[in-house]
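What follows is a set of notes on a single structure, which appears directly below.
The values are calculated or read from the model by the stated rules, or taken from the named source; none is laboratory data. Keep in mind that what you see is a predicted model, and the values were worked out from it rather than measured. For neighbour counting, all protein chains shown are included, and Cβ atoms are generated from backbone atoms with ideal geometry for every residue, glycine included.
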Amino acid sequence: MTDDAREQRRFPRVPSEKAVLVKRIGDEASEALAKTRTVGAGGCMFVHPEPLGVGSAVELLISLPGRVVKARGRVVWESVEGAGRVEVGVEFLDLSAKDRRVLDAAVAAASPAGS
């Protein structure tokens with residue numbers, strides 16, 4: 001993703017390495033553990049062992065301090081970084097109000113002061 005595209009995001013993301021269980025939803029359902037690189041109110045990026053397919057529906061269980069947040073989303077971009085290593089960008093489409101508050105608080109706590 002280009003710097004221009006990152007600057008145009010509606011929701012800022014912060015660096016955050018958290019465990020995430022990624023479940024692809026649909027005919028070829030799969031499940032794998034991954035680790036986030038960035039997290040924000042509108043989505044996240046994580047490193048996954050294989051491509052999921054742009055447009056794929058996913059369910060994420062993201063481990064945050066004191067809670068696991070469940071989110072449904074869709075893959076909006078992928079970048080193959082090497083064998084068994086794919087960077088995946090996901091847009092959140094559905095979070096409960098409680099999980100949204102937990103995610104917002106975690107992002108605010110990780111944001112640099114003054115941003």
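Here are the numbers for the structure shown:
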quantity: Options 54, 47: the member that is of a type in the set (Val, Ile, Thr), at pLDDT 90 or above, surrounded by 15 or more Cβ atoms within 10 Å (Cβ to Cβ) and touching a strand residue (DSSP E or B) at 6+ places or on another chain (Cβ under 8 Å); calculated: 47
quantity: Qualifying residue in the stretch 100-114 (condition: in contact with a strand residue (DSSP E or B) (Cβ under 6 Å, 6 or more places away or on another chain) and charged (D, E, K, R)); calculated: no
quantity: Single match in 34, 71 (criterion: in contact with a His (Cβ under 6 Å, 6 or more places away or on another chain), in a strand (DSSP E or B) and of a type in the set (Gly, Ala, Ser)); calculated: 34
quantity: Exclusive hit being more than 20 Å from residue 15 (Cβ to Cβ) and at pLDDT 90 or above, set 96, 63; calculated: 96
quantity: Any hit, the stretch 60-67, residues being in contact with a strand residue (DSSP E or B) (Cβ under 9 Å, 6 or more places away or on another chain), assigned to a strand (DSSP E or B) and among the basic types (Lys, Arg); calculated: no
quantity: Residue 80, sole failed condition from (1) farther than 15 Å from residue 15 by Cα; (2) touching a Lys or Arg at 6+ places or on another chain (Cβ under 8 Å); calculated: (2)
quantity: Residue 24 being surrounded by 14 or more Cβ atoms within 10 Å (Cβ to Cβ), in a strand (DSSP E or B) and over 12 Å from the mean Cα position of the chain (by Cα); calculated: yes
quantity: Tabulated pairs, the stretch 78-99, first surrounded by 11 or more Cβ atoms within 10 Å (Cβ to Cβ), second in a helix (DSSP H, G or I), C-beta under 6 angstrom, 6+ apart or interchain; calculated: none
quantity: Answer residue from the stretch 6-21, given it is surrounded by 15 or more Cβ atoms within 10 Å (Cβ to Cβ) and more than 13 Å from residue 64 (Cα to Cα) and is modelled with the lowest pLDDT among those; calculated: 13
